[in-house]
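Below is one structure, written out as structure tokens; comments come after it.
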Amino acid sequence: MDNSKYISFNGKIFTEDEFKLDLNNRAFLYGDGLFETMHAAGGKVHFFYDHIDRLIRSMKILKMEVPVRFSIDTLGIQKEIFKLLNKNKFHIAAKIRITVFRKSGGLYTPTNNEVDYLIQTEKLETAEYQLNSNGLIIDIFEDIPKPNNKLSNLKITSSIYFVIAGIYKSEKKLDDCIVLNEKGNMVEAISSNLFLVKENNIYTPPLSSGCLNGIIRNKIIDISKTLNFNIIDNTPLNSKDLISADEVFLTNAVSGIKWVLAFKQRRYYNKISKILIAKLNQTAFQ
């Protein structure tokens, strides 16, 4: 019995074992690519249009040609995602990753701007976003700042600073760590946006600090406003803000919200995190 997982490459399904990536792949050679991660459950991809809109806008910034099947009007890419989920029998919930890279050819200067794309899926055990039972232990990673430029808000494959931050996290036996920009302001966690709660205020690093323009980040901002929280998303944040916060949580498209228990000697609550993840699930499944 064949237990191989399946992937989709340019709309065609292969097993992981039979698929071979071109050695001249530009994402491999130059980091010339970007990706999108999504959460699927209940027969839908949550916030699909937001994800595809961000993917298309990011491709245009990178001067890539956008395939017709990526158009929201045709829903071609959505059909390919569901075909792959069914092929892998991931019926409860799954993580979806779409990686887009410029076609092979050229050195730093590509021979054309057409793209290839790869869809991968990973089984998740629960359909709803689940708040972590044990709070995260975090610290700040200071060795290599994240560059702040036009590409900083995109999910690009050139992410070596996150790799080094991940190694630091493992070495220090942390659950996550906060990345800084060149000015020493907090940007985000390794694969998540950062939020701080203090009284009735919810803070998150501004896009101008270089954080990812996260889909769940934006959903949490919108949800928080409906709950009458005061959102501050236009002011740079530093470690003093982290220490003075009542609550800290991280967000991304796969896990939704993860609450932080400790930063150094500081300990936090998770009251607002519980409220927000319940509202996020309502929004995702409506």
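The values are calculated or read from the model by the stated rules, or taken from the named source; none is laboratory data. This one's a predicted model, so the numbers in the text were calculated from it and none came from an experiment. Every residue, glycine among them, receives a Cβ derived from its backbone with ideal geometry; neighbour counts consider all protein chains shown.
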Within segment 45-94, the count of residues that are more than 22 Å from ALA284 (Cα to Cα), under 21 Å from the mean Cα position of the chain (by Cα) and not hydroxyl-bearing (Ser, Thr, Tyr) comes to 7
Within segment 37-52, the residues that are modelled with pLDDT of 95 or more and either surrounded by fewer than 15 Cβ atoms within 10 Å (Cβ to Cβ) or in contact with a His (Cβ under 6 Å, 6 or more places away or on another chain) (or both) are MET38, HIS39, HIS46
Being out of contact with any Gly (no Cβ under 8 Å at 6 or more places or on another chain), not assigned by TED's automatic domain parsing to the domain that holds ALA93 and not in a strand (DSSP E or B) narrows ILE275, ILE231 down to just ILE275
Query raised in the report: Would you call LYS150 of a type in the set (Lys, Arg) and surrounded by 12 or more Cβ atoms within 10 Å (Cβ to Cβ)?
Result: no
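Matching residues to (1) of a type in the set (A, V, I, L, M, F, W, C); (2) not assigned by TED's automatic domain parsing to the domain that holds LEU29:
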| residue | (1), (2) |
| --- | --- |
| TYR49 | no, no |
| LYS87 | no, no |
| ILE98 | yes, no |
| SER104 | no, no |
| LEU131 | yes, yes |
Within segment 163-220, the count of residues that are crowded, with 18+ Cβ neighbours inside 10 Å, in contact with a strand residue (DSSP E or B) (Cβ under 6 Å, 6 or more places away or on another chain), assigned to a helix (DSSP H, G or I) and among the hydrophobic types (A, V, I, L, M, F, W, C) comes to 3
THR109 passes all but one of the listed conditions (1) surrounded by fewer than 17 Cβ atoms within 10 Å (Cβ to Cβ); (2) in contact with an Asp or Glu (Cβ under 6 Å, 6 or more places away or on another chain); (3) polar (S, T, N, Q); the exception is number (2)
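Kindly indicate which of ILE144, ILE119, ILE77, ILE81 is aliphatic (A, V, I, L, M), in the same structural domain as LEU174 (by TED's automatic domain parsing) and out of contact with any Pro (no Cβ under 7 Å at 6 or more places or on another chain).
Step by step, each of ILE144, ILE119, ILE77, ILE81 is checked, and only ILE144 is aliphatic (A, V, I, L, M), in the same structural domain as LEU174 (by TED's automatic domain parsing) and out of contact with any Pro (no Cβ under 7 Å at 6 or more places or on another chain).
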The condition from (1) in contact with a helix residue (DSSP H, G or I) (Cβ under 6 Å, 6 or more places away or on another chain); (2) of a type outside the set (Asp, Glu); (3) more than 25 Å from ILE52 (Cβ to Cβ) that ALA165 misses is numbered (1)
GLN78 fails exactly one of (1) part of a helix (DSSP H, G or I); (2) modelled with pLDDT of 95 or more, namely (2)
Those residues of segment 112-132 that are crowded, with 16+ Cβ neighbours inside 10 Å, β-branched (Val, Ile, Thr) and either farther than 17 Å from LEU62 by Cβ or free of Cβ contacts under 8 Å to residues at least 12 places away in the same chain (or both) come to a total of 2
Among LEU29, LEU34, LEU55, the single one that is assigned to a helix (DSSP H, G or I) and buried (at least 17 other Cβ atoms within 10 Å of the Cβ) is LEU55
Using the structure shown, decide if SER71 is at pLDDT below 90 and under 25 Å from ASN112 (Cα atoms).
-> yes
Pairing a residue in segment 74-97 that is of a type in the set (Asp, Glu) with any residue that is buried (at least 19 other Cβ atoms within 10 Å of the Cβ), where Cβ atoms lie under 7 Å and the two sit 6 or more apart in sequence or on different chains, gives GLU80/SER8; GLU80/ILE119
Residue pairs qualifying under the 9 Å Cβ cut-off, at least six apart or on distinct chains, with the first in segment 193-204 being within 9 Å of ASP233 (Cα to Cα) and the second being at pLDDT 95 or above and of a type in the set (S, T, N, Q), are ILE202/SER224; ILE202/ASN230; TYR203/THR235; THR204/ASN193; THR204/THR251
Conditions (1) within 30 Å of ILE220 (Cα to Cα); (2) not in a strand (DSSP E or B) -> ASN24 fails only (1)
